[in-house]
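Scroll down for the structure; my scribbles are underneath it.
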Amino acid sequence: MEKFGRDEWVAQIEGRRKARGPWLRLAEQWQRVPLGLRFALFIILAAAVPLATDNDYVIRVAGNFVLYSILALGLNLVVGYAGLLDLGYVAFYGLGGYAYAYLSSDFSGLHWPTWASIPLVMFLTALVGLLLGSTSLRLLGDYLAIVTLGFGQIFVQLTNNMTRISLPGRAEPVDLTGGPNGIVNIDPISFLGFSASTVTHYYYLLLALLALILIVVYHLNNSRVGRAWRSLREDELAAEAMGMPTRWLKLLAFAIGAGIAGLSGSVFAAWQGNVFPNNFDVTLLILLYTMVILGGMGSLPGVVMGAFILSVMPEVLREVELSRYLFYGGMLFVLATMIRPWPRLVLVLVGVLVGGYLLKLAVMALWPTLVTTPEVASSFLGRALQAWLIIPPQATLIGNLAFVVVVPSLLFLSRTRYTIVRLIALIPTLYLLAFVWETRLAVEPSITRLLLLGVLLVVLMIYRPQGLLGQRRVEII
Amino acid sequence: MALLELSNVHKHFGGLLVVHSLFLTVQPGEIVSLIGPNGAGKTTVFNLITGLYAPDQGDIRFDDSSLLGLEPHQITQRGIGRTFQTLRLFLNMSVLENVMAAAYGRTCANLAQIIFRTPGFRHEEAHIRALAEEKLAFFGERLQGYRFDQPAYSLSYANRRRLEIARAMITEPKLLLLDEPSAGMNPNETQEITHLIGQLRDQKGYAILLIEHDMNVIAGISDRVIALDYGLKIAEGSYHDVVTNEQVIEAYLGRKHEIRSR
């Protein structure tokens, strides 16, 4: 038996806290699986996607997820490890896409082989990363963010407008980027006689790249360079004073991040077959940052998970039925975690179900005109909802009103201190929530999915600021 | 032949002269203490030596070559390690990583070696890990075993000070600059750190330049004491000579007749 001091007892608080919940215990078990095995499992599972389905749409969504993962990993290296707030990251992605398009399309007349063009593109973007990095060496924190953000904007503006550039030695102005029309008909990626033509080809190509980059980033992180990057993030002055060449390390992080972005840019260009300026605008930047932050900055599985959630979930939410399951399932999950002990939960659920059913019966008996009878839904959940929920004739209008009522009642629920009041008020609120969902949100999935994502992010950032799999970081204690 | 030699060093910030014509030497294996009231310019001297500031005038020589114009990390790699008055640990990294990170200047694996995990890289990695554990072992049981993988922010104040010293030790310094190593420590811990600084010199052979306010620490280990006031060296010599020096007493307490006049 080891000696067990007070110090150690204090030190293990985190472990003991973790050992409580079943989810956390499961996560703990998962952590015990050797890293290589976890990695292999993930890759095998991802590689099985095209085998499980021949629906091109599904594979395309999965491919997008892998592409975003690669991009987010590159961003994580710059932001999560080296701590440089690089808001021009997407410009490197765009630069990679445009450079590849330029080297392999009719636009320039060049048709370089892939084995030559992609390394050149990576080198080029890394070089530009180095240049941008070097102008930013004297800038710290927010100032660096502003300069790099400007760089990202300049890139989009240039690609949009460099259509009539007078070059020395040319009589006519030259179109360098194709403007808003972009560059089209880009050659597919091909090497060793193989030419990637289907979505599945690109999916496997991207997956192989993801595996490679995961390994590279993991190895980098657990080396002198990775430790130096993180030291830099923690305390630049101390890092410099401990013998780390901080300037060089910053430039290196910028260049490697840019190289990864350039690589994924070229694959993107080849896959999509064309590039347009608005493929690389600030929306994508925000999406990538959200992935990194949601998953947990600095955690590789976290970043991949963030990319998965933010690329797959909006697609899932497009389907009314699927999003319905997600919505009610999510609501149930939240209730189950918030209400304890469980008899109370049962009470609330029964209250909502029976109350709603009785309400519907009463309204149907007293004012039959207030209830419409829609077509019978195909799924069980749909039919159950129809029996339970009142759908009035002016569903949109009343749904809007209910939406306005729901927000303050949710706020009231979160502020009230009396358990009984909260439990009782919860019942009509839940009914109202379901009503709003069915009349307003499920009808317009394009808006709803963004709204839901927003809510998810707000809730997550409040309860887990370090992201899903991130380590909690302290600033100064 | 002095290990460190500051000759006629000046430094001013705007109109404020912080270090005024400072001459200072540290011999190999010597423990020199720098004392003085708050704002006397002690930490500035450290920042000048480590290259965080450049002197306006004068020369700083270490190991017979000038340090002027070198980057701080180059100076560290020449053999000057330091700790900070306000602790500057890499708080969100583990204890072991804090120390291993500071071995950067002693390692040379390049990117290709790192990415492919060549045997050379693995060997180097194992080596600095062992080295880091050895440095931490210097502080006894406290920074051992389960502590290795704990984040630095979970450490107590005294342990953080110890970790900072360990971190400075792995840069393999010939000269160690300690900026108030006993600040925030209780009397027991202060006594221990005094003992430890002695050991650093005796066992590891470092020369030590020390900033300290605790006179017990200074009395216990200093070979020589230098007193600064308003950037000027007002006294130098043995502990006894300096603390009985009129000017030093005046700098700390004020002039005698001023007290009488009240």
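The values are calculated or read from the model by the stated rules, or taken from the named source; none is laboratory data. Please read these numbers as outputs of a predicted model, since none were measured by experiment. Glycine also receives a Cβ, built like all others from the backbone with ideal geometry; neighbour counts cover every protein chain displayed. Calculation scope for accessible area: heavy atoms of the full protein, side chains included, ligands and nucleic acids excluded. Shrake-Rupley method; radii C 1.70, N 1.55, O 1.52, S 1.80 Å.
Qualifying GluC sites (Glu not before Pro) in the range A:304-355, where qualification requires a DSSP coil assignment and no more than 10 other C-beta atoms within 10 Å, are lacking entirely. Here, P(r) means the percent of Cα pairs in each 10 Å bin from 0 to the largest distance; for the range B:175-257 it is 17, 46, 30, 6, 1. When nucleic acids and ligands are ignored and a 1.4 Å probe is applied, residue A:219 ends up with an accessible area of around 30 Å².
Compactness check for the range B:1-138: Cα Rg over 2.2 N^0.38 Å is 1.27.
Please report, to one decimal in angstroms, the Kirkwood hydrodynamic radius of the range B:58-151 built from all distinct Cα-Cα pairs. Working shown, then result.
Details: mean 1/r = 0.0645 Å⁻¹.
Every distinct Cα pair counted, the radius reaches 15.5 Å.
Annotation for residue B:213 and residue A:195: the two label points, set 7 Å from Cα along the Cα-Cβ direction, are 7.7 nm apart. Ranked from largest, the principal axis spans of the Cα set of the range A:66-123 equal 41, 20, 19 Å.
Working from Cα positions, state the angle (0 to 90°, nearest 10) between the long axis of helix A:395-415 and the longest principal axis of chain A. Around 90 degrees separate the two axes.
Can you tell me the mean projection area, over all orientations, of the convex hull of the range A:115-165's alpha carbons? Units nm², please. Don't skip to the answer; put the middle values down first.
Details: hull surface 18.7 nm².
Over every viewing direction, the Cα hull of the range A:115-165 projects on average to 4.7 nm².
Its alpha carbons give the range A:34-110 an Rg and a Dmax of 16.8, 50 Å. Chain A packed on chain B takes about 3400 Å² of accessible surface away from a 1.4 Å probe, both sides summed. Between 0 and 90 degrees, the angle of helix A:114-135 with respect to the longest Cα principal axis of chain A falls at about 80 degrees. With only the Cα atoms considered, the range B:12-68 has a convex hull volume of 91 Å³ per residue. Per-residue surface analysis assigns residue A:146 an accessible area of about 110 Å², computed on protein heavy atoms at 1.4 Å probe radius. Across the range B:97-178 the C-alpha pair distances fall into 10 Å bins from zero in the proportions 17, 47, 28, 9 percent. With the convex hull of its Cα atoms as the shape, the range A:299-340 has an orientation-averaged projected area of 3.7 nm².
With the whole protein complex present, residue A:448 retains an accessible surface near 10 Å², based on a 1.4 Å probe. Total lysine pairs in the protein assembly as shown at Cα distances under 14 Å, for residues eight or more apart or on different chains: 5.
Our Cα-only numbers for the range B:148-220 put the radius of gyration and Dmax at 12.3, 37 Å.
Between residue B:74 and residue A:134, what is the FRET efficiency for a Förster distance of 25 Å, r being their Cβ-Cβ separation, to the nearest 0.05? Mind dumping the intermediate values first?
Values: r = 19 Å, r/R0 = 0.76.
Computed FRET efficiency for residue B:74 and residue A:134: 0.85.
Hey, any idea what % of the range B:104-253's accessible area is carbon plus sulfur with a 1.4 Å probe? Carbon plus sulfur share of accessible area: 51 percent. Using alpha carbons only, the radius of gyration of the range A:164-257 set against its Kirkwood radius gives Rg/Rh = 1.21. Rg and Dmax over the alpha-carbon atoms of the range A:196-333 stand at 18.7, 59 Å.
Taking all protein chains together and a 1.4 Å probe, the residues B:23, B:84, A:42, B:116 rank B:116, B:23, A:42, B:84 from largest to smallest accessible area. When you restrict to C-alpha pairs under 8 Å that are six or more residues apart and normalise by the size of chain A, the relative contact order lands at 20 percent.
Out of all Cα-Cα pairs in the range A:306-373, roughly what percent, to the nearest whole number, are more than 21 Å apart? So the pairs more than 21 Å apart make up 52 percent of the total in the range A:306-373. Quick one, can you get me the convex hull of the C-alpha atoms of the range A:148-197 expressed as volume per residue in Å³? Considering the Cα atoms of the range A:148-197, their hull volume per residue is 167 Å³. So what is the orientation-averaged projected area of the range A:217-281, using the convex hull of its C-alpha atoms, in nm²? In nm², the orientation-averaged hull projection of the range A:217-281 is 5.7.
Need one number: the % of Cα-Cα pairs in the range A:350-440 sitting beyond the 22 Å mark.
When all Cα pairs of the range A:350-440 are counted, 31 percent exceed 22 Å.
Here chain B is treated as an ellipsoid with the same Cα gyration tensor; its semi-axes, largest first and in whole Å, are 35, 22, 16. How many percent of the alpha carbon pairs in chain A exceed a separation of 41 Å? That tail contains 34 percent of the Cα-Cα pairs.
Using a 1.4 angstrom probe with every protein chain in place, what is the largest-first accessible-area order of B:172, A:236? If you can, show how the numbers build up before the last one.
Numbers: B:172 115, A:236 60 Å².
Correct descending sequence by accessible area is B:172, A:236.
Ligands, DNA and RNA left out, the accessible area of the range A:45-120 computed with a 1.4 Å probe is 67% carbon and sulfur.
With every protein chain kept in place and ligands, DNA and RNA left out, what is the accessible area per residue of the protein assembly as shown? Probe 1.4 Å, answer in Å². Write out the running numbers ahead of the final one.
Working: 36600 Å² over 739 residues.
About 50 Å² of surface per residue is accessible.
Considering every alpha-carbon pair of the range A:99-249, the percent of pairs per 10 Å bin, from zero through the bin containing the longest distance, is 9, 23, 31, 23, 12, 1. Measuring heavy-atom accessible area with a 1.4 angstrom probe and counting protein chains only, the residues of the range B:90-109 that give up at least 10 Å² relative to the chain alone are B:90, B:91, B:92, B:93, B:97, B:100, B:101, B:102, B:104, B:107, B:109. Taking 7 Å steps out from each Cα toward its Cβ at residue A:353 and residue B:1 produces label points 8.9 nm apart.
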